[in-house]
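Everything on this sheet refers to the single structure shown next.
The values are calculated or read from the model by the stated rules, or taken from the named source; none is laboratory data. Bear in mind that the values here come from a model prediction, so they are computed numbers and not experimental data. Don't worry about glycine lacking a Cβ; one is built from the backbone with ideal geometry, like all the others, and counts go over all protein chains shown.
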Amino acid sequence: MIKKTLLLTLLISVKSSLFSQNLNYSALLIPKELKENANAVVRNNYLEVIIDDMDKMIVKRRIVVTVLNKLGQADARISESYDNDTKITDLSAYIYDALGNQIKKYKERDFSNVSAVDGGTLYSDARVKYIDYKPISYPYTLVFESEYKTGTTGFIPWWFPVNGYYVSVQQSSYKISNPKAIPWRKKETNFENFNIEKTVSDTEISYSLKNQKAFDYEKSTVSSREFLPKVKVALDKFYLKGVYGEYTNWNEFGKWMYDKLLVGRDLVDETTKNKVLSLVEGVENPIERAKIVYKFMQNKTRYISVQVGIGGWEPIAANQVDKVGYGDCKGLTNYTKALLDIAGVTSYYTVVYAQEKRNIDKDFSSIQGNHVILNLPNSGKDVWLECTSQTMPFGFLGDFTDDRDVLVVTPEGGVIKRTAAYKDDVNLQITKATITLTEKGNVKAKLDRISKGIQYDDKFYLEDFSKDELIKYYKSDVWSYNNNLEVVSSEVKNDKDSIVFKENLEVDIKNYASINENEYLFRVNIFNRESYVPKRYRTRNLPLKINRGYKDIDDYTIKIPADYKIEYLPETREIKSKFGSYKIRFKKVDESTFTYHKDISIKEGVYPKEDYKSYRSFRRKVAKSENLRIAIIKKKS
């Protein structure tokens, strides 16, 4: 009887194990080529969008992804977002081990439910349901399914079949149905190098990508957005949080934004209005009036995220920002525009992609962008204002929003413009130093350094540093390669009118030189070493991109110890290439003094992958020259 019971228990156990095992999810079935360079493999990613009406949309998603290692976790997110206009109707997740055995099961009640924004946001109705799964071993497979219904059709999910680097795709599918044939548009990008199948009709579009190998990341190249495939879809007639919209181009979209989101939100109370008028009284030049208003706004407000209004797109009314003294990018930009209107200065609300340099797609109108700035037309030389910063100089954008296509919203409609660009030599740093070498091999130096363009942008925040923070910055971040460096004194000045950052320093370095009986050897480039050498690739697959050009000029006057003499100074060295130029030269002033001049210019640009080797060679030559040492000889008694 005991033996029969044991046998029955084993049979039930085996049957249960076979039932819970799904061989389709076994990591052993993944083709070898899809594991190359991959941290995760998307086994199947299915996205279906059903547009039942202008204000009714259903989105269904099913993703099966095998995570091969810890780095692949980013491709196995278990979350779905929602808000007051969006209802999640189905949510589940299953976890399988390497052999396809189910080890975890989550229903909607098991998901955490939290705000989708950080603590810096005052209010938002955006929320997210998620599972924070921590694997105990790899590989494992996630099966995630979700469905939601929404009345907002202004944001139709786009298709991104490949989600960046180090992830391969066994199959990715996208289907969008439009049974009422609401007028719509689509744009396919970067299809030429991918095996994509598609079917298109008046009421349905579907795409499928199969067996796409993972892309290996390469440094100094274009954004993955520029070569990975995607499909954008937009309705000509839509709803956004219950507000009707209709457009087929950027002019019409801008007109809709102006009429529906901005009109009537520019009122400011009489006290503030009179204050602005008194500040600009007697100032004839509109740009000078704008500077006064911009400073007033910076002193009066601070940034805080407030995701309210029509899908987070409608700005807080100007009088509300005026009252509370804070707002997000939309509210602060709209408020600044309202103040400029009072001052008689024309300005326009402008939508932009911030941080990563990314253009508003000028060929495909849709709801795009993640930030708002202000445009001041100025006789063909547009002025741009970042309204969320209390410290940014007037008319300066920095690398946050520079050099990209943006949507300028005018009463007549939307216009695509390009923001100010900070190119190559504009990003200038000039260092002048007086350097004294002591008999014991120490360095005593006084430096004056000015920075402009993006090099200004990289430093102007230092004006808020304490003395100790500045010393730490110079020792740890700027001159970490100089052992025994001490900052004797430091003074920084942010000249916002000229948009120039100035630094004045006194620096000591102990035991900098190597000394023997007859010779005193030291590296001549003490304070601005260009040691960067790009990574070597046996086979380069992606284009070379130099994101930022710049120019550095260094002028050092170097005084040697009295007991030594200059017998030889190196010849002028010059390196020229399509990527930039580099030049150093020396000049003997007298028996105890010489000068060192360095000039390096790097050019921004995108170059064919074949040029990467030449670029690396150029930077190697520069780095080698930067390590140049000079020997001075001890005088004979």
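Strands (runs of 3 or more DSSP E) wholly in the range 592-637 with at least 1 residues that are surrounded by 15 or more Cβ atoms within 10 Å (Cβ to Cβ), in the same structural domain as Ala513 (by TED's automatic domain parsing) and of a type in the set (Val, Ile, Thr) - which ones?
Because the criterion is at least 1 residues that are surrounded by 15 or more Cβ atoms within 10 Å (Cβ to Cβ), in the same structural domain as Ala513 (by TED's automatic domain parsing) and of a type in the set (Val, Ile, Thr), the strands (runs of 3 or more DSSP E) in the range 592-637 that meet it are 593-602, 629-634.
Where residues in the range 131-141 are assigned to a loop (DSSP other than H, G, I, E, B) and touching a residue at least 12 places away in the same chain (Cβ under 8 Å), which of them is nearest to Pro229 (Cα to Cα)?
Only one residue fits best here, namely Pro139.
Of the conditions (1) surrounded by fewer than 12 Cβ atoms within 10 Å (Cβ to Cβ); (2) at pLDDT below 95; (3) not polar (S, T, N, Q), Lys576 satisfies every one except a single condition; which number is it?
(2)
Among the candidates Val41, Val128, which residue alone is in the same structural domain as Lys232 (by TED's automatic domain parsing), part of a strand (DSSP E or B), in contact with a helix residue (DSSP H, G or I) (Cβ under 6 Å, 6 or more places away or on another chain) and aliphatic (A, V, I, L, M)?
Going through Val41, Val128 in turn, the sole match is Val41.
Can you name the residue in the range 424-462 that is within 24 Å of the chain's Cα centre (by Cα) and among the charged types (D, E, K, R) and is also nearest to Ile602 (Cα to Cα) among such residues?
Here the answer is Asp424.
Filter the range 94-116 for residues that are part of a strand (DSSP E or B) and either of a type in the set (Val, Ile, Thr) or under 31 Å from the mean Cα position of the chain (by Cα) (or both); which is nearest to Tyr239 (Cα to Cα)?
Ranking the candidates gives Ser115 first.
Confirm whether Arg538 is more than 30 Å from Phe394 (Cα to Cα), modelled with pLDDT under 95 and over 27 Å from the mean Cα position of the chain (by Cα).
yes
Listed here are the residues, each with its yes/no results for (1) touching a helix residue (DSSP H, G or I) at 6+ places or on another chain (Cβ under 7 Å); (2) free of Cβ contacts under 8 Å to residues at least 40 places away in the same chain; (3) among the basic types (Lys, Arg); (4) not assigned by TED's automatic domain parsing to the domain that holds Ser451.
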| position | (1), (2), (3), (4) |
| --- | --- |
| Glu519 | no, no, no, no |
| Ile526 | no, no, no, no |
| Arg529 | yes, no, yes, no |
| Asn547 | no, no, no, no |
| Tyr556 | no, no, no, no |
| Lys559 | no, no, yes, no |
| Asp563 | no, no, no, no |
| Pro570 | no, no, no, no |
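Return yes or no: is Ile584 in contact (Cβ under 8 Å) with a residue 12 or more places away in the chain, surrounded by 16 or more Cβ atoms within 10 Å (Cβ to Cβ) and over 23 Å from Asp425 (Cα atoms)?
no
Within the range 142-182, restricting attention to residues that are farther than 19 Å from Asp236 by Cα and not in a strand (DSSP E or B), which residue is nearest to the chain's Cα centre (by Cα)?
Gly164
Assigned by TED's automatic domain parsing to the domain that holds Lys60, surrounded by fewer than 19 Cβ atoms within 10 Å (Cβ to Cβ) and more than 30 Å from Gly254 (Cβ to Cβ): is that true of Lys230 in this structure?
So Lys230 fails the test.
Given the structure, is Arg529 over 30 Å from Glu567 (Cα atoms) and part of a loop (DSSP other than H, G, I, E, B)?
Judged against the criteria, Arg529 is not a match.
Taking Thr272, is it surrounded by 15 or more Cβ atoms within 10 Å (Cβ to Cβ), of a type in the set (S, T, N, Q), at pLDDT 95 or above and in a loop (DSSP other than H, G, I, E, B)?
no
Report yes if some residue within the range 484-504 is part of a loop (DSSP other than H, G, I, E, B), over 28 Å from Gly395 (Cβ atoms) and out of contact with any Ser or Thr (no Cβ under 8 Å at 6 or more places or on another chain); otherwise report no.
Yes, the range 484-504 has at least one match.
So, in the range 329-345, how many residues would count as being surrounded by fewer than 24 Cβ atoms within 10 Å (Cβ to Cβ) and at pLDDT below 95?
Number satisfying all stated conditions: 1.
When only residues in the range 161-198 that are touching a strand residue (DSSP E or B) at 6+ places or on another chain (Cβ under 9 Å) and modelled with pLDDT under 95 count, which is nearest to Leu209 (Cα to Cα)?
Asn195
So, Thr203, is that one buried (at least 16 other Cβ atoms within 10 Å of the Cβ), over 30 Å from Pro608 (Cβ atoms) and of a type outside the set (D, E, K, R) or not?
Taking the combined requirement at face value, the residue does not satisfy it.
If you check every pair at least six apart or on different chains, which have Cβ atoms under 8 Å apart with a residue in the range 247-266 that is of a type outside the set (D, E, K, R) first and a residue that is in a helix (DSSP H, G or I) second?
Sorted first by the residue in the range 247-266, then by its partner, the pairs are Tyr247/Phe253; Tyr247/Lys255; Tyr247/Trp256; Leu262/Asn334.
With among the polar types (S, T, N, Q) and in contact with a Lys or Arg (Cβ under 6 Å, 6 or more places away or on another chain) as the only criterion, which of Thr271, Thr221 stands out?
Checking each option against the conditions leaves just Thr221.
I'm told Glu486 meets every condition in (1) closer than 30 Å to Ala562 by Cβ; (2) in contact with a Phe, Trp or Tyr (Cβ under 7 Å, 6 or more places away or on another chain); (3) among the charged types (D, E, K, R) except one. Can you identify the failing condition by its number?
(2)
Please find, among Glu314, Glu288, Glu281, the residue that is part of a helix (DSSP H, G or I) and acidic (Asp, Glu).
Glu288 is the lone residue from the list that is part of a helix (DSSP H, G or I) and acidic (Asp, Glu).
Listed here are the residues, each with its yes/no results for (1) surrounded by fewer than 21 Cβ atoms within 10 Å (Cβ to Cβ); (2) under 27 Å from the mean Cα position of the chain (by Cα); (3) at pLDDT below 95.
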| residue | (1), (2), (3) |
| --- | --- |
| Asp53 | yes, no, no |
| Arg61 | yes, no, no |
| Val64 | no, no, no |
| Asn69 | yes, yes, no |
| Asp85 | yes, no, yes |
| Leu91 | no, no, no |
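For the structure I just gave you, tell me whether Arg289 is among the basic types (Lys, Arg), crowded, with 18+ Cβ neighbours inside 10 Å and either at pLDDT below 95 or within 31 Å of the chain's Cα centre (by Cα) (or both).
No: the conditions fail for Arg289.
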